[in-house]
Amino acid sequence: MPFPFDPNIARASTIPARLYVDPVYLELERERIFAHTWQLVGRLDQVRESGMFFTAEIGSDSIVVLRDGDTLRGFHNVCLHRAGPVAHGCGKRQTLQCKYHGWTYTLAGELLHAPEMEGVERFTPQDMRLRSVSISTWGPLVFANLDGNAPPLGDMLEDIPRRVEPFACESMRYVMRKEYELACNWKVYVDNYLEGYHIPVVHPALHKEIDYDAYRVEPYRYSSIQHAPLRPLPAGVTDRRYDPAAADVPEAVYGWVFPNLMLNVYMGQMQTNVVVPVAHDRTVVVFEWYASRPPADPATDPAWARLVEFSDEIQDEDVEICEAVQRNLRSRVYDRGRYSVKREQGVHHFHSLLHEFLT
Ligand code: FES
Ligand SMILES: [Fe+2]
């Protein structure tokens, strides 16, 4: 299982191809990475009133997040009786009732009522509670961590909140959601996200919008930030997608949090991307958009439609290259490559975290 990895990017080779094509690694990643890191699972507006709840999945673990008065709580969505689900979808209730035999729990997770259990020995409902999950929030986002001993969310977000402060993400409002399914390993998508090296070849239109020479990657401990100043608009040019003069902040900040969260902030909006592995060679990427001045109706707002259309165009280009790379990672002649010291520090940083968590 272990693989060699050099912490010095100038000497390092990329991680072995088998990590992308052998299903055994996904199990290992779920166990050692996804079960110990903060996962973006929902939005604060889904739990704004006491009793409101939503369910989510982290790997093969189903959880429920709810508001109990002023407190946000998270539980494994697994009944203590015979593992039925205690919540479905989202909604608002004052107790959680299992969908199987009706055991009922308080919003604090205590077993309130277990019908027809008279005569059962060493059974004390008042001592029984749903297994809890850690919950934390940043701005409009709700995170969960299956590991009760994990470091706090702030330790994983590191410098991102400070760096995006000028954009006022914390007060942005939810606009819409979109899911993309890709035939590649989740790490192929993350690798691709973590460098701007492919922009000139894969994204010619995006290349026109940002100042590629000034593009920077800043790796931290568990996160990294890519910084792309918008290219100034020369006089007479009108066909640009991003207009730096119209933006409150004339740059794009692409934050990434290990292992699978991206926060893209530019042009008065924040886009969260959660990269969800569904199989070793299938990935769903969930995009959610937030905006400081949300359109009344995103479906009919022309400026909003242009932003989404451009985002889709970039996404299509990434999907195509990621799927081609996944096919080639199975090639009999490829195992490991090298990194550009100038452009691929973010990828090397991700791989060093994979190495740390997996070996
Ligand atoms: S499994 Fe929940 S009540 Fe039986
Ligand atoms: Fe890309």
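The values are calculated or read from the model by the stated rules, or taken from the named source; none is laboratory data. All figures in this text were calculated on a predicted structure; none of them were measured in a lab. Cβ atoms come from the backbone with ideal geometry, glycine included; neighbour counts cover every protein chain shown. Accessible surface areas use protein heavy atoms only, side chains included; no ligands, DNA or RNA. Shrake-Rupley method; radii C 1.70, N 1.55, O 1.52, S 1.80 Å.
Brief remarks on what is shown
- If you go through region 184-200 and keep only what is near ligand 2 (Cβ under 10 Å from one of its atoms) and either open to solvent by 20 Å² or more (accessible area, probe 1.4 Å) or part of a helix (DSSP H, G or I) (or both), you end up with Tyr189, Asn192, Tyr193, Glu195, Tyr197, His198, Ile199.
- If you go through region 76-101 and keep only what is among the hydrophobic types (A, V, I, L, M, F, W, C) and either within 13 Å of ligand 1 (Cβ to nearest atom) or surrounded by fewer than 12 Cβ atoms within 10 Å (Cβ to Cβ) (or both), you end up with Val78, Cys79, Leu80, Ala83, Val86, Ala87, Leu96, Cys98.
- Residue within region 61-70 that is modelled with pLDDT under 95 and assigned by TED's automatic domain parsing to the domain that holds Leu111 present: no
- Unmet requirement for Trp256, which otherwise passes all of (1) out of contact with any Leu (no Cβ under 8 Å at 6 or more places or on another chain); (2) surrounded by 22 or more Cβ atoms within 10 Å (Cβ to Cβ): (1)
- Ala108 fulfils the conditions (1) within 19 Å of Leu44 (Cα to Cα); (2) open to solvent by less than 10 Å² (accessible area, probe 1.4 Å) except for a single criterion, (2).
- Of all the numbered requirements in (1) exposed (fewer than 15 other Cβ atoms within 10 Å of the Cβ); (2) modelled with pLDDT of 95 or more, Gln126 misses one, and that requirement is (2).
- Check on Ala183, modelled with pLDDT under 95 and away from ligand 1 (no atom under 16 Å from the Cβ): no
- In region 265-314, of all residues being part of a loop (DSSP other than H, G, I, E, B) and in contact with a Gly (Cβ under 7 Å, 6 or more places away or on another chain), the one that is most open to solvent (accessible area, probe 1.4 Å) corresponds to Arg293.
- Listed by first and then second residue, the pairs linking a residue in region 198-214 that is in contact (Cβ under 8 Å) with a residue 40 or more places away in the chain to a residue that is of a type in the set (Lys, Arg) and away from ligand 1 (no atom under 16 Å from the Cβ), with Cβ atoms under 8 Å apart and 6 or more places separating them unless they lie on different chains, are Ala205/Arg241; Ile210/Arg231.
- Considering residues of region 12-29 that are among the aliphatic types (A, V, I, L, M) and open to solvent by less than 20 Å² (accessible area, probe 1.4 Å) only, the residue nearest to the chain's Cα centre (by Cα): Leu26
- Residue within region 155-175 that is over 20 Å from the mean Cα position of the chain (by Cα), more than 16 Å from ligand 1 (Cβ to nearest atom), among the basic types (Lys, Arg) and not in a strand (DSSP E or B) present: no
- Residue satisfying condition, being within 23 Å of Glu320 (Cα to Cα) and in a loop (DSSP other than H, G, I, E, B), within set Arg221, Arg241: Arg241
- All positions within region 315-341 that are open to solvent by 30 Å² or more (accessible area, probe 1.4 Å), assigned to a helix (DSSP H, G or I) and aliphatic (A, V, I, L, M): Ile321, Ala324, Val325
- Taking (1) in contact (Cβ under 8 Å) with a residue 12 or more places away in the chain; (2) open to solvent by 20 Å² or more (accessible area, probe 1.4 Å); (3) over 20 Å from the mean Cα position of the chain (by Cα) in turn, Arg32 satisfies each apart from (3).
- Residues that are part of a helix (DSSP H, G or I) and within 12 Å of ligand 2 (Cβ to nearest atom) were ranked within region 201-211; the one that is most open to solvent (accessible area, probe 1.4 Å) is Val201.
- Residue within region 61-73 that is open to solvent by 40 Å² or more (accessible area, probe 1.4 Å), closer than 25 Å to Pro277 by Cα and within 16 Å of ligand 1 (Cβ to nearest atom) present: no
- When residues in region 342-359 are screened for being loosely packed, with under 13 Cβ neighbours inside 10 Å and modelled with pLDDT of 95 or more, 1 of them pass.
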